[in-house]
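The structure appears below as structure tokens.
The values are calculated or read from the model by the stated rules, or taken from the named source; none is laboratory data. Computed from a prediction, not measured in an experiment: that's the story for all the values here. Cβ coordinates were reconstructed from backbone atoms using ideal geometry, including for glycine residues, and neighbour counts include every protein chain displayed.
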Amino acid sequence: METVDEHLVRRLSAWSRDADEVEGMADPAAADVEPASLVALFEAQVQSRHLDLAARWLQARGEGFYTIGSAGHESNAAVAMALRPTDPALLHYRSGGFYAARAQQVAGTTPILDVLRSLATSTDDPISGGRHKVFGNRELSIIPQTSTIGSHLPRAFGLGFSLGRAAAAGVVTPWPDDAIVVTSFGDASANHSTTVGALNAAAYCTYQGVAVPVLFVCEDNGIGISTRTPAGWAARSLSGLPGIDYVSADGTCPAEAMLRATAAAESVRTTRRPTVLHLRTVRFMGHAGSDAELAYRSRADIVRDYELDPLLATAATLVHSGTSTAAELLESYEDMRGRVMSEAASMVGTRRLASADDVMAPLTATRPARVREAAGRSAVDRQAVFNGRLPEEEGPINLSATINATLTDVMAAWPTATVFGEDVAVKGGVYGVTRGLRKKFGAPRVFDTLLDEQTILGTALGSALAGFLPIPEIQYLAYLHNAEDQLRGEAASLAFFSGSQYANGMVVRVAGLAYQKGFGGHFHNDNSVAVLRDIPGLVLAVPSHPAEVPGLLRTCVALAAEEGRVCVFLEPIALYHQKDLLDGDGEWLASYRPPQQHDSDVFGQVSVHGSGTDLLIVTFGNGVRMSLRAAARLREEGIGIGCTVLDLRWLAPLPEADLVAVASRFERVLVVDETRRSGGVGEAVIAVLTDHSHGGEVRRVSSKDSFIPLGPASAHVLLSDDDIVDAATSLAGVAPS
């Protein structure tokens, strides 16, 4: 079967002898486009095509490792030409034409080498440093994405939304004031929840008059790997979005595509409203190199699509207009082949990442001195911020009030900080934690979002790129699972896939964990944090007591601001308004510690309570209060076991050094884990102690491997004070009295 490369060469050769076929393929709109623009379009398209061919050549020699190509989608070069190189772009993986055309707009760039180095995982790859094949380049304002679906679109929405708010918030973005965001996705991906959610969020905001300058480009090749998109479905679903303009263009009409893309981009730029550009394309060479296309498509279908080749359409238009001859275009095509293949040959034996440390460098790079300094940052006039009544002068306060006071200090000290989520602004949060922040700092910095966790996190992702310091709230831990890939696949991976050239530092506040009595059920009493603990580079902090909140939260903010870290601040709901350890003692209140009293060594440090020598209890969150109550019983009820309680505070990464150092002083260690037995935090703690050859006896007690039911039945599956006492007496070899 003839390949698409052979087909193009044969047709151009035939035109050199007889140009009659050109008439029917030429785009009549060419008269409205500068000939030089069509020449530039063809050059970008040809470059992209030969890079796809080179990817297969490198793979065959064991020197290339990525073969999802752009062949057939090269009409997206017209989109790049309709934009400015200062318009941030978040692209899907068939964007070779776009990348080549944007590079044409910036002198001194090397797009052929960029892509080849990425394909070959060379350490000279200017964006990922050899970690992944991505289209990304800071100089070209192309933010790298590895998305195979639409998970980058919530970020694109968030970036557009944030560009629209930056001026009002006094935030200087990396892009011009009139910049617009462009993001691309496939027709199959248009059905994915992340795509639907991003488009819905854009429509939702536009309906309310909120600026969202995003150009959404659906590149419709009619097939998702092997599954056909129903004819007309993409147009029907994308053209009816409220508040979003719709423009369609045919990739086999290059001049028309350029004109319509230009009109769409200009509309977004001037109106600050989103537009969908529906670009009809075709897919050549299968989904990827490993895709056996003949398993689900006939030879006739594959060959028939060759007539829809955008390179052939652009060539026909150039020949018909008299701008170029077929022979000149064929010479240009073969000249590009030579240039690309010469550079591809230089990739053989290229330098690649040589160690785990090299691979993980973007995840492990730290700036501890800057973090320590930033964590103690304070507003100049705190009296004014707190209306003359500083929280440290109010006497002991609970966990909720302490979080509120700390957020107030943070927002006063960091003008780019924003707090947002469902119910956080007008209402002040379901539990009142953010009450008063909107009044103090205004709507541009404290605002309510629509009810969609993917969009909330996408807003954080995009706003971080725009220069904000986002502090989004997810109302309950269970609802984070709806959108967790926005943290795993998008937030935490950005520094990794950009070699730390891009980061999206944020602090995600999550109300969660269990022990809400008389309320809850699974969705309000979720005790699983496993999905957060296994995300590389993510920081997970859990306060247990009001005294711990200021240091932990300020440190998370500093990590986000200075190291670009993605931090999750998990707040135990059951402790928000708790006052006592034991009835009436007021031990679960604390005086507020202002920024000037910030402990400079908080990150990775544990907190230790008590001085008993018989047993060390290692725990966190609600487990701290439960363990301290259990320790009082073990000490005072005739059992005679003296306990020390260690609060981990940091669940990712675990504070290994402190944990091992404290545990080394005890012959018996009990790990108290309020999460589940399988996949819980306790497993990791015991693994750390084992790895460091703890010489004593170690046991754990945890909640059951169960969802949490509603009402009193929850007591059957959740860890209790009694469970801790029983486990401690068993470990110590003492029978309870």
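Can you pull out the helices (runs of 4 or more DSSP H) entirely within the stretch 414-508 that have at least 1 residues that are polar (S, T, N, Q) and in contact with a Phe, Trp or Tyr (Cβ under 7 Å, 6 or more places away or on another chain)? So that I can check it myself, show each step before the final result.
Numbers: elements: 437-441, 453-465, 477-480, 494-497.
Here the list reads 453-465.
Would you point out the residue of the stretch 418-443, among those that are among the aromatic types (Phe, Trp, Tyr) and either surrounded by 20 or more Cβ atoms within 10 Å (Cβ to Cβ) or free of Cβ contacts under 8 Å to residues at least 40 places away in the same chain (or both), that is farthest from GLN208 (Cα to Cα)?
Of the stretch 418-443, the ones among the aromatic types (Phe, Trp, Tyr) are 420, 431, 441.
Next cut, either surrounded by 20 or more Cβ atoms within 10 Å (Cβ to Cβ) or free of Cβ contacts under 8 Å to residues at least 40 places away in the same chain (or both) only: 420, 441.
On the way: PHE420: 17, PHE441: 22 Å.
Checked the stretch 418-443; the qualifying residue farthest from GLN208 (Cα to Cα) is PHE441.
Per-residue answers, yes or no, for (1) among the β-branched types (Val, Ile, Thr); (2) within 38 Å of the chain's Cα centre (by Cα):
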| position | (1), (2) |
| --- | --- |
| HIS609 | no, yes |
| ALA631 | no, no |
| ARG649 | no, yes |
| LEU654 | no, yes |
| LEU659 | no, yes |
| ARG665 | no, no |
| LEU670 | no, yes |
| VAL681 | yes, yes |
| THR690 | yes, yes |
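Results for (1) in contact with a strand residue (DSSP E or B) (Cβ under 8 Å, 6 or more places away or on another chain); (2) farther than 21 Å from LEU465 by Cα, shown as yes or no for each residue.
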site	(1), (2)
ARG352	no, yes
PRO362	no, no
ALA369	no, yes
ARG382	no, yes
PRO391	yes, yes
ASN404	no, yes
THR408	no, yes
ALA417	yes, no
PHE420	yes, no
Matching entry among GLU562, GLU548 (being charged (D, E, K, R), in contact with a Lys or Arg (Cβ under 6 Å, 6 or more places away or on another chain) and assigned by TED's automatic domain parsing to the domain that holds GLN486):
GLU562
Only one of (1) surrounded by fewer than 20 Cβ atoms within 10 Å (Cβ to Cβ); (2) farther than 30 Å from ALA443 by Cβ does not apply to LEU119, and that is (1)
Tell me which of these LEU318 doesn't satisfy, since it passes every other one: (1) of a type in the set (A, V, I, L, M); (2) farther than 25 Å from LEU119 by Cβ; (3) under 38 Å from the mean Cα position of the chain (by Cα).
(3)
What pairs can you find where one residue is in the stretch 444-460 and in the same structural domain as PHE161 (by TED's automatic domain parsing) and buried (at least 24 other Cβ atoms within 10 Å of the Cβ), the other is part of a helix (DSSP H, G or I) and at pLDDT 95 or above, and their Cβ atoms are less than 9 Å apart, with a gap of 6+ or different chains?
none
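Looking for something out of contact with any helix residue (DSSP H, G or I) (no Cβ under 6 Å at 6 or more places or on another chain) and modelled with pLDDT of 95 or more - is there at least one such residue anywhere in the stretch 470-482? Even if it seems obvious, please write down each step before you answer.
Narrowing the stretch 470-482 to residues out of contact with any helix residue (DSSP H, G or I) (no Cβ under 6 Å at 6 or more places or on another chain): 471, 473, 475, 477, 480-481.
Among the residues that remain, those that are also modelled with pLDDT of 95 or more are: 471, 473.
Scanning the stretch 470-482 turns up at least one residue that is out of contact with any helix residue (DSSP H, G or I) (no Cβ under 6 Å at 6 or more places or on another chain) and modelled with pLDDT of 95 or more.
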PHE569 passes all but one of (1) part of a loop (DSSP other than H, G, I, E, B); (2) crowded, with 20+ Cβ neighbours inside 10 Å; which number fails?
(1)
Does LEU465 satisfy the criteria of being in contact with a Ser or Thr (Cβ under 8 Å, 6 or more places away or on another chain) and on the phi < 0 side of the Ramachandran plot?
yes
Find the helices (runs of 4 or more DSSP H) located wholly in the stretch 246-355 whose residues include 1 or more that are free of Cβ contacts under 8 Å to residues at least 24 places away in the same chain and on the phi < 0 side of the Ramachandran plot, and list them.
254-271, 299-304, 326-345
Looking for whichever is small (Gly, Ala, Ser) and surrounded by fewer than 16 Cβ atoms within 10 Å (Cβ to Cβ) here; the options are SER290, SER248, SER267. Which one fits?
SER290
Say whether the condition of being closer than 25 Å to GLU453 by Cα, assigned to a loop (DSSP other than H, G, I, E, B), among the polar types (S, T, N, Q) and touching a residue at least 12 places away in the same chain (Cβ under 8 Å) is met by at least one residue in the stretch 177-184.
no
Select from the stretch 36-77 the residues that are farther than 21 Å from THR325 by Cα and touching a strand residue (DSSP E or B) at 6+ places or on another chain (Cβ under 8 Å) and list them in ascending order.
HIS73, ASN76
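For every residue, the table says whether it meets (1) at pLDDT below 95; (2) within 26 Å of LEU559 (Cβ to Cβ).
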position: VAL606; (1), (2): no, yes
position: VAL624; (1), (2): no, yes
position: ILE641; (1), (2): yes, no
position: THR644; (1), (2): no, no
position: ALA652; (1), (2): no, yes
position: SER664; (1), (2): no, no
position: GLU667; (1), (2): no, no
position: VAL681; (1), (2): no, yes
